[in-house]
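Trainee: Quick one: the structure is below, and I'll ask about it shortly.
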Amino acid sequence: MAPHFQDDSITIHKLECGPYGNNSYLLVCPQTNESILIDTPADPGKMIELAQTTDVKAILITHNHQDHLLGFDDVTSAIDAPVGIGLNDAGALASPPAMLLKDGDEIKAGTISLKAIFTPGHTDGSTCLVTGNHLFTGDTLFPGGPGKTRSPEHLKQIIESITTRLFSLGDDLKVYPGHGDDGDLKTSREEYGVYASKEHPADQSGDVGWLTS
């Protein structure tokens with residue numbers, strides 16, 4: 001299977017899994033063949049086969065919504081690696097995870113160092129993950145807007161997470177979301193500027209687009 005991205009420092013595999021178009025990612029160190037698996041959606045068979053050709057050091061969950069967990073039992077039964085999830089989302093797992101991810105935690109596989117960024121809003125424990133110029137955003141940030149929110153308070157929270165924790169990372173980062181196509185922080189920042197320049201209803205939440213809301 002051809003990698004989604006590859007250079008001397010990292011190989012990234014991206015697979016769309018299950019009926020909800022979820023993305024699962026496998027990050028592999030080219031020097032050691034050690035890897036980190038991100039998210040466990042339904043129908044994970046191809047990702048399991050791919051991951052089993054590497055030495056998986058961690059299975060990380062970006063947030064606790066079930067579409068990202070429908071393949072969790074299959075993945076964790078086939079792959080013996082510690083599981084990590086944001087502290088405030090851990091209760092959704094069938095058993096306590098080995099790692100309760102907090103802001104700034106680093107997870108390593110070979111020469112890859114993946115840093116956790118606490119980004120609440122979509123869920124209380126949503127966590128993005130960054131290494132080099134690669135940012136894995138779960139359902140926090142998509143090309144075109146933030147992830148779906150449950151209330152105006154959660155929309156305010158997710159926008160704060162994006163603008164203070166993600167946009168501060170710089171313009172050169174590629175965005176790998178939990179569904180759909182890749183994006184980049186430069187475009188997201190520019191499009192958010194359009195959104196921020198407008199007035200919005202006080203009760204706004206749900207699906208919001210930077211350019212369409």
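Trainee: Looking at region 104-140 only, could you name the residues that are free of Cβ contacts under 8 Å to residues at least 60 places away in the same chain, within 13 Å of Leu27 (Cβ to Cβ) and among the small types (Gly, Ala, Ser)?
Mentor: Hit for region 104-140 is Ser113, nothing else.
Trainee: Looking only at region 58-78, count every residue that is of a type outside the set (Gly, Ala, Ser), in contact (Cβ under 8 Å) with a residue 40 or more places away in the chain, in contact with a Leu (Cβ under 9 Å, 6 or more places away or on another chain) and surrounded by fewer than 23 Cβ atoms within 10 Å (Cβ to Cβ) and tell me the total.
Mentor: Going through region 58-78 one residue at a time, the tally reaches 1.
Trainee: May I ask you to say which residue of Gly132, Gly145, Gly125 is modelled with pLDDT of 95 or more, surrounded by fewer than 24 Cβ atoms within 10 Å (Cβ to Cβ) and either within 21 Å of Leu211 (Cα to Cα) or among the hydroxyl-bearing types (Ser, Thr, Tyr) (or both)?
Mentor: After applying the criteria, what remains is Gly145.
Trainee: Let me ask something else. Considering region 148-191 alone, what residues qualify as being in contact with a helix residue (DSSP H, G or I) (Cβ under 8 Å, 6 or more places away or on another chain) and either in a loop (DSSP other than H, G, I, E, B) or modelled with pLDDT under 95 (or both)?
Mentor: Gly170, Asp171, Asp172, Leu173, Gly178
Trainee: What do you reckon, is Ile158 touching a strand residue (DSSP E or B) at 6+ places or on another chain (Cβ under 9 Å), touching a residue at least 40 places away in the same chain (Cβ under 8 Å) and either among the acidic types (Asp, Glu) or buried (at least 16 other Cβ atoms within 10 Å of the Cβ) (or both)?
Mentor: Taking the combined requirement at face value, the residue does not satisfy it.
Trainee: OK, next. Failed condition for Asp103, given (1) in a helix (DSSP H, G or I); (2) surrounded by fewer than 16 Cβ atoms within 10 Å (Cβ to Cβ); (3) modelled with pLDDT of 95 or more, with all others met?
Mentor: (1)
The values are calculated or read from the model by the stated rules, or taken from the named source; none is laboratory data. This one's a predicted model, so the numbers in the text were calculated from it and none came from an experiment. Virtual Cβ from ideal backbone geometry, glycine too; neighbours counted across all protein chains shown.
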